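J.: The following block contains the structure, expressed as structure tokens.
The values are calculated or read from the model by the stated rules, or taken from the named source; none is laboratory data. Source: prediction; values computed, not measured. Every residue, glycine as well, gets a Cβ built from its backbone with ideal geometry; the counts of neighbours run over all protein chains shown.
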Amino acid sequence: MFTGMIKEIGRLRGLVPAGGVVRVDIDGPQTARAASLGDSIAVDGICLTVTAVRGRSFSAEAATETRRLTTLRDWRPGRRLHLEPALRAGDPLDGHLVQGHVDGVGRVVKVARAGRDLLVTVGLDRKMARYLTPKGSVAVDGVSLTVDQGPHTDRFTVNFIPHTLAWTHFDGIRSGRRVNLEMDVLVKAARAGGFADLPAVDAAPAPDAGTPLTLERLLGAGFRRRGTKGST
């Protein structure tokens, strides 16, 4: 689990095919110094497992599915990459909950200045767009950002403040660039659960600490799955 707060910008040293996977070699002194074999590191938003550490660099392996769903096939040596080690117990949650499981790839369709800020509009598949919520969260190349302007049917706009630009590789972003997208895991869970019709606060009886929470109690309190009126 990650937070979308980038700790270091690394550089890709190379991609090496290795029997069905691709070994990703990355220069990142700060990240490599603290890394151990088996650690999870988000690389441009992709959760990868450390397989080797050599001085100021580390290696990880990317499977076929990872390459299919992400921008990894666009990577070339020298590319700057966002690096974030996994969240540890006790660490502050400064961004939002990010799994490092990329949902798909979006494409930058517009870049505009607004004073010192940078407004970036990203186009995306409508299947992913259903998880956008105004003022909600989205991870773009692993960076935790707030969804700003719509429409949210096939695109969204995020606002980069100068601090974010200084700590990421988005300072040079251009239209046409493909970016990894991970939608907010909490919104995905809510959509998948289907509990859209929630009862009013005063409609539910006061909880009884001695009675376990069961499906029958939830239904009795007025909770329903989307599209149902009296049955589950």
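J.: Find all pairs meeting these conditions: Cβ atoms under 9 angstrom apart; at least six residues apart or on different chains; first residue within region 37-54 and free of Cβ contacts under 8 Å to residues at least 12 places away in the same chain and more than 15 Å from Asp25 (Cβ to Cβ); second residue of a type outside the set (S, T, N, Q) and in a strand (DSSP E or B).
T.: none
J.: Considering each of Glu8, Glu84, Glu65 in turn, give the residue that is at pLDDT below 95 and either under 19 Å from the mean Cα position of the chain (by Cα) or over 18 Å from Leu181 (Cα atoms) (or both).
T.: Checking each option against the conditions leaves just Glu65.
J.: Could I ask something else about it? Somewhere in region 30-39, is a residue touching a Gly at 6+ places or on another chain (Cβ under 8 Å), farther than 23 Å from Val187 by Cα and not basic (Lys, Arg)?
T.: Looking for residues that are touching a Gly at 6+ places or on another chain (Cβ under 8 Å), farther than 23 Å from Val187 by Cα and not basic (Lys, Arg), one finds at least one in region 30-39, hence yes.
J.: Could you please tell me which pairs satisfy a Cβ distance under 6 Å, a separation of 6+ or placement on different chains, a first residue in region 168-181 that is more than 21 Å from Ala42 (Cα to Cα) and of a type in the set (Ser, Thr, Tyr), and a second residue that is surrounded by 13 or more Cβ atoms within 10 Å (Cβ to Cβ) and at pLDDT 95 or above?
T.: Ser175/Val108; Ser175/Val111
J.: Checking the conditions here, which among Ile173, Ile161 is of a type in the set (Val, Ile, Thr), at pLDDT 70 or above and exposed (fewer than 15 other Cβ atoms within 10 Å of the Cβ)?
T.: Ile161
J.: Continuing with the same structure: Just name the residue that is modelled with the highest pLDDT out of those in region 182-206 that are under 20 Å from Asp44 (Cβ atoms) and hydrophobic (A, V, I, L, M, F, W, C).
T.: Ranking the candidates gives Met183 first.
J.: If you don't mind, another one. Out of the residues in region 25-54 that are among the small types (Gly, Ala, Ser) and either assigned to a strand (DSSP E or B) or modelled with pLDDT under 95 (or both), state the one that is farthest from Asn180 (Cα to Cα).
T.: At the first step, the residues of region 25-54 found to be among the small types (Gly, Ala, Ser) are 28, 32, 34-36, 38, 40, 42, 45, 52.
Next, only the ones that are either assigned to a strand (DSSP E or B) or modelled with pLDDT under 95 (or both) stay: 40, 42, 52.
Working: Ser40: 17, Ala42: 11, Ala52: 24 Å.
Filtering first and then ranking leaves Ala52.
J.: Would you mind stating whether Val158 is assigned to a strand (DSSP E or B), among the β-branched types (Val, Ile, Thr) and within 23 Å of Lys7 (Cβ to Cβ)?
T.: Here the answer is yes, as Val158 does meet what is asked.
J.: Looking only at residues in region 55-77 that are part of a loop (DSSP other than H, G, I, E, B) and in contact with a helix residue (DSSP H, G or I) (Cβ under 9 Å, 6 or more places away or on another chain), which one is nearest to Val138 (Cα to Cα)?
T.: Going through the qualifying residues, I end up with Arg56.
J.: So, one more: Would you tally the residues in region 92-104 being surrounded by 19 or more Cβ atoms within 10 Å (Cβ to Cβ) and part of a strand (DSSP E or B)? Don't jump to the end; show me each part of the working.
T.: If we filter region 92-104 for residues that are surrounded by 19 or more Cβ atoms within 10 Å (Cβ to Cβ), which is where we start, we get 95-96, 98, 100, 102-103.
Of the ones still in play, those that are also part of a strand (DSSP E or B) are 98.
Within region 92-104, residues that are surrounded by 19 or more Cβ atoms within 10 Å (Cβ to Cβ) and part of a strand (DSSP E or B) number 1.
J.: Against the condition surrounded by fewer than 14 Cβ atoms within 10 Å (Cβ to Cβ) and at pLDDT 95 or above, how does Pro77 come out, does it pass? Steps first, answer last, please.
T.: Working: surrounded by fewer than 14 Cβ atoms within 10 Å (Cβ to Cβ): yes; at pLDDT 95 or above: yes.
Here the answer is yes, as Pro77 does meet what is asked.
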